[in-house]
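What follows is a short report on a single structure.
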Amino acid sequence: MQDWALSIALDNPADARPVPLNPAPLVAGQVRLRIERFALTANNITYATFGHAMRYWDFFPGDDGRGRLPVWGIASVSESEHPDLTVGSRWYGYLPAASQWVMTPGDVSARGWTDVAEHRQPLPPVYNRYLPAEPQTLAAEQVRMVLQPLYITAFLLDQVVADPEQPWSGAQVLSTSASSKTAIAMAHCLAQREDVTHIGLTSARNVAFVEGLDLYDRVVAYDALTDLDARTPSVIVDFAGDSSLNRQLHSHLSGGLQANLRVGGAHWTASAPPRDLPPPKPTFFFAPDHVLRLNKAWGRETFEARYGAAWQAFATWAADAFAFEDQQGVDAVEATYKRLIKGDVSPHEAMTLVPTGE
């Protein structure tokens with residue numbers, strides 16, 4: 001299959017298959033991006049799970065009535081009808097899991113450009129921006145693709161859960177799916193604070209891995225939730241999105257639970273919100289809203305400086321914390337996606353895929 005895209009049923013993330021792409025001729029102002037490499041993590045399963053609710057399916061519409069999975073990666077311009085973008089230039093950003101895609105660049109400068117295609121204008125601007133991808137080592141590019149997209153969410157969560165102005169100020173933080181990379185990134189942020197107690201909740205098989213990270217104050221297995229002190233004020237940061245787990249936590253912590261911030265859907269098969277859940281009602285954490293809020297509160301330059309420093313510290317730490325793996329070809333992409341869907345991926349693994357090749 002020369003050119004392809006991963007096609008996913010809009011209401012069933014497990015129904016995924018590669019389909020051929022028939023590249024259309026470019027019109028004035030467009031470029032064709034040849035996708036070089038992208039990451040696949042549980043974060044992408046969250047995109048598929050909440051494709052309708054969070055409009056992730058709207059970024060890269062397919063012609064078969066099915067979704068195109070958003071991923072983060074690097075692409076190069078293979079064909080250009082845009083006067084300011086040259087063939088061979090490389091860009092980092094939000095891409096479909098595919099071998100190529102057509103975009104309409106606008107606001108082009110040395111710092112990057114925005115896809116100004118009409119269908120993307122109502123969507124969050126943070127996802128429409130493409131940044132220069134200067135040549136780096138493969139290892140550095142893998143760290144960027146796998147971890148930087150989710151790190152922004154982790155950085156923002158750190159700002160919110162530790163905010164002294166929030167009603168849960170001083171409460172301990174409980175992270176579900178504590179072995180997930182977004183949870184780990186948030187744990188790295190919170191570990192720099194002395195006034196926040198952070199407890200990681202995970203499956204029994206992942207307890208040793210999570211403890212070995214030395215980022216959480218305590219690690220508790222899902223089958224030992226009753227070990228949590230129900231009277232201690234708590235805020236849940238929910239990366240798992242598991243309805244049964246949420247019911248257990250809300251029931252057990254009913255006396256002290258202050259909030260539940262829903263972030264992800266790592267446990268996507270059980271992600272439907274449970275009925276009659278004891279309060280408080282979970283609220284979605286939508287990162288782009290908080291980017292706008294903090295840019296306004298801090299100023300853009302301060303936001304970028306704080307985020308950049310935090311990201312560099314985490315990237316340095318993470319380079320040795322995960323096993324980065326690179327695979328080639330459409331079959332590898334399909335197989336890796338299905339492993340993620342089944343939950344058959346070690347939290348230690350960090351996977352990048354090259355769309356073309358064997």
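The values are calculated or read from the model by the stated rules, or taken from the named source; none is laboratory data. Quick caveat, the model's predicted, so the values are computed rather than measured. Here the Cβ positions follow ideal geometry from the backbone for every residue, glycine too, while neighbour counts run over all protein chains shown. Heads up: the accessible areas ignore ligands, DNA and RNA and are worked out on the full protein's heavy atoms, side chains in. Shrake-Rupley method; radii C 1.70, N 1.55, O 1.52, S 1.80 Å.
Miscellaneous remarks
- From the list Thr176, Thr153, the one residue that fits, being under 20 Å from Lys296 (Cβ atoms) and in contact with a Ser or Thr (Cβ under 9 Å, 6 or more places away or on another chain), is Thr153.
- Per-region count, region 208-232, residues open to solvent by 20 Å² or more (accessible area, probe 1.4 Å), under 27 Å from Ala310 (Cβ atoms) and among the β-branched types (Val, Ile, Thr): 1
- Test: Val333 is within 18 Å of the chain's Cα centre (by Cα), at pLDDT below 95, hydrophobic (A, V, I, L, M, F, W, C) and within 30 Å of Ile8 (Cα to Cα): no
- Leading residue by the ranking (least open to solvent (accessible area, probe 1.4 Å)) among those in region 153-174 that are closer than 27 Å to Ala39 by Cβ and of a type in the set (S, T, N, Q): Thr153
- Residue selected from region 299-344 under the condition β-branched (Val, Ile, Thr) and either free of Cβ contacts under 8 Å to residues at least 24 places away in the same chain or over 28 Å from Asp158 (Cα atoms) (or both), by the criterion most open to solvent (accessible area, probe 1.4 Å): Thr316
- Matching residues, region 1-28, being among the small types (Gly, Ala, Ser) and either open to solvent by 20 Å² or more (accessible area, probe 1.4 Å) or in contact (Cβ under 8 Å) with a residue 60 or more places away in the chain (or both): Ala5, Ser7, Ala14, Ala16, Ala24, Ala28
- Test: residue in region 164-174 that is of a type in the set (D, E, K, R) and touching a residue at least 40 places away in the same chain (Cβ under 8 Å): no
- Selection from region 187-228 of residues that are in contact with a Phe, Trp or Tyr (Cβ under 8 Å, 6 or more places away or on another chain), part of a helix (DSSP H, G or I) and not small (Gly, Ala, Ser): His188, Cys189, Val210
- Residues of region 229-248 satisfying the condition of being part of a strand (DSSP E or B) and hydroxyl-bearing (Ser, Thr, Tyr): Ser234
- The lone exception for Ser177 - which of (1) at pLDDT below 95; (2) surrounded by fewer than 24 Cβ atoms within 10 Å (Cβ to Cβ) it fails: (2)
- Selection within region 311-333 - within 22 Å of Leu6 (Cα to Cα) and not hydrophobic (A, V, I, L, M, F, W, C): Glu325, Asp326, Gln327, Gln328, Gly329, Asp331
- Gln136 being surrounded by fewer than 19 Cβ atoms within 10 Å (Cβ to Cβ), in a loop (DSSP other than H, G, I, E, B) and polar (S, T, N, Q): yes
- Identity of the residue in region 53-76, farther than 21 Å from Pro125 by Cα, open to solvent by 40 Å² or more (accessible area, probe 1.4 Å) and not small (Gly, Ala, Ser), that ends up modelled with the lowest pLDDT: Asp63
- Of all residues in region 77-93, none are hydrophobic (A, V, I, L, M, F, W, C), open to solvent by less than 60 Å² (accessible area, probe 1.4 Å), under 24 Å from Ile341 (Cα atoms) and not in a helix (DSSP H, G or I).
- Within region 105-128, tally of residues that are surrounded by 12 or more Cβ atoms within 10 Å (Cβ to Cβ), assigned to a strand (DSSP E or B) and small (Gly, Ala, Ser): 2
- Boolean, Leu150 is among the aliphatic types (A, V, I, L, M), open to solvent by 40 Å² or more (accessible area, probe 1.4 Å) and in contact (Cβ under 8 Å) with a residue 12 or more places away in the chain: no
- Test result for Ala287, surrounded by 12 or more Cβ atoms within 10 Å (Cβ to Cβ), under 29 Å from Gln142 (Cβ atoms), modelled with pLDDT of 95 or more and not hydroxyl-bearing (Ser, Thr, Tyr): no
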